[in-house]
Amino acid sequence: MTTTGTELRTTQLLIGGKWVDAQNGATYVDRNPATGQPLAEVAAASRADVERAVAAARTAFDEGAWPRTPAVKRARTITKMVQLLSERLGDLAALEVADNGKPLWTAKGEMGAMLENFEFYAGAATKLYGQTIPGPSPAYINYTLKEPVGVVGAIVPWNFPLLLASWKVAPALAAGCTMVLKPAPATPLTAIELGKIALEAGLPEGVLNIVTGPGPETGQAIVESPLVDKIAFTGSTATGRWIAAEAAKTIKRVTLELGGKSPSLVFDDADLSKAIPTTLAIAFMNSGQACVAGTRLLAPKSRLDEVKRAIMEAIRAFPAGDPSDPKTAVGPMVTQKQYDRVQSYIRKGIEEGAEVLIGGEGHPEGLAGYFVKPTVFVNVKNDMSIAREEIFGPVLCVIAYDDDEDAIRIAN
Ligand code: NAD
């Protein structure tokens, strides 16, 4: 597996155990966000391709071996995947960096968590117990039995590509489900590697199908398919809302993991030399592209000047730069579109009356990819767009509060 070479990869769809091009031959270019250069030519699945992938998963569920395989044998296959994944963790981390732009140390941590997740679910496969329930008389035996849901459509975003795919793939495989996995268009490459590893580990054909392509076409076709029993989605609140409504039409089960705008509360007795570096680390994690990022810092009015000074001091430890440099804390945004989105929020913050303490609009000097300056706004009011909407970039809003009650009210 090459990860940083200049040659353009080409990738295909995984349908029914075979790697195939999109039926109409469509592809799109996936770029390295740190350089803006093309990284891969990726198959763009149309509705017809999704229908083939769903049909393969349906057949594998209704007629295939996987759901009928004893749990201990399913666990063995997942354990084999764990072994193959663990041999390739370094390559997978480097590939995630090239595709997503996240700092390498972040990607390495994620690959460790991804592996543990597969290990956990290899064990869970044999422990899917039901319950016995006391009935009205000894003539009745009431019990629940855990059964696989069926065909799962797993739709994954670009911020933690393989880790979030593992959260969906590992439990579904452990339970005996079959799947159609759709990675985000901007970050499909580690999912493709996962597909190769699954086949190598002996996962029967059609159990894990992978379709790459744009959300509104490829993703929508999965959600709309009457042959899919469940959707597991992580991504934006807007898309999640649409999925919940659409899935209702075919009574699909749905799991949604959506956006956030989390506060960090710094109280007036805090040791700022510890609190401020920690709040910056939480705000700028994964270059700010995380639903759990602490993007609002609530600071006591009585210590606001000290907080600002502490931020100016601590932010030196969060430079933007080459994601493979171990000193880099903040990588590029994942796409030009995401870069534009973050820039538009920085402009909006200024227009709405917030003040840039550090950072601001434009590229950091000398960085050609989709980099933004780690930015801290002060004088932010909690009703401003930058305090209410998910920016998904390294932008922290400092909001001053009067007392603890005021802080909790603003946080909530
Ligand atoms: P998105 O919700 O559009 O994309 C997430 C996944 O859903 C991708 O695989 C995408 O192709 C797919 N998708 C898009 N439209 C779909 C549809 N109609 N039907 C089925 N699948 C569809 O998110 P985005 O456009 O990539 O990012 C926009 C914003 O969403 C970000 O700026 C951020 O605020 C938020 N976001 C949140 C998370 C999170 O972890 N909660 C992750 C990514 C993005």
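The values are calculated or read from the model by the stated rules, or taken from the named source; none is laboratory data. None of the values given here were measured: they were computed from a predicted structure. No Cβ is skipped: glycine too gets one built from the backbone with ideal geometry, and neighbour counts run over all protein chains shown. Surface areas here come from the heavy atoms of the whole protein model, side chains and all, with no ligands, DNA or RNA. Shrake-Rupley method; radii C 1.70, N 1.55, O 1.52, S 1.80 Å.
For this structure, a couple of remarks:
- Here is the tail figure for segment 208-263: Cα pairs spaced more than 14 Å apart come to 54 percent of all pairs.
- Counting only protein chain heavy atoms and rolling a 1.4 Å probe, the accessible areas of TYR143, TYR28, TYR370 rank, largest first, as TYR143, TYR28, TYR370.
- VAL254 accessible area, assembled protein chains, probe 1.4 Å, Å²: 50 Å²
- Accessible area in square angstrom per residue, the chain, 1.4 angstrom probe: 44 Å²
- Segment 301-333 and segment 13-40 have Cα centres spaced 35 Å apart.
- The alpha carbons of segment 343-412 give a radius of gyration and a Dmax of 13.2, 45 Å, in that order.
- Residue with peak Gaussian network fluctuation, the chain [Cα springs, cutoff 10 Å], from PRO214, PRO157, PRO326: PRO326
- For the set PHE120, PHE233, solvent exposure ranked by accessible area (probe 1.4 Å, protein chains only) runs largest to smallest as PHE120, PHE233.
- GNM result for the chain, Cα springs below 10 Å: residue of ALA48, ALA299, ALA125 fluctuating most strongly: ALA48
- Where both bridge residues fall in the chain, DSSP classifies roughly 30% of the beta bridges as antiparallel.
- Residue separation of ASN382 and GLN131 scaled by 0.36 nm, minus their Cα-Cα distance, works out to 85.7 nm of gained length.
- Relative contact order (%) - criterion: Cα under 8 Å, at least six apart; region: the chain: 17 percent
- In this rough spin-label picture, where each label sits 7 Å from Cα along the Cβ direction, the SER273-GLN83 distance is 5.1 nm.
- Ordering PRO183, THR218, PHE233 by Cα displacement along the dipole of segment 114-237 toward the positive end leaves PHE233 in first place; charges were set at the Cβ atoms of Lys, Arg (+1) and Asp, Glu (-1).
- For segment 308-390, the Cα gyration tensor yields ellipsoid semi-axes of 22, 17, 10 Å (square root of five times each eigenvalue, largest first, whole Å).
- The stretch between GLN37 and MET312, if pulled fully straight at 0.36 nm per residue, gains 95.7 nm over its current Cα-Cα span.
- P(r) tail, the chain: Cα-Cα pairs separated by more than 39 Å, 25% of all pairs.
- Counting every C-alpha pair in segment 25-119, the share spaced more than 17 angstrom apart comes to 68%.
- Here is the size of segment 159-302 from its Cα atoms: Rg then Dmax, 19.1, 63 Å.
- C-alpha center-to-center spacing [segment 341-391, segment 228-298] in angstrom: 19 Å
- Backbone HN-Hα couplings from phi across segment 163-174 [Karplus 6.51/-1.76/1.60, Hz, Gly and Pro as x]: 4, 5, 4, 5, 4, 9, 6, 4, x, 5, 5, 4
- J(HN,Hα) series, segment 215-225, from Karplus relation 6.51 cos²θ - 1.76 cosθ + 1.60, nearest Hz, glycine and proline x: x, x, 9, 5, x, 4, 5, 5, 5, 7, 5
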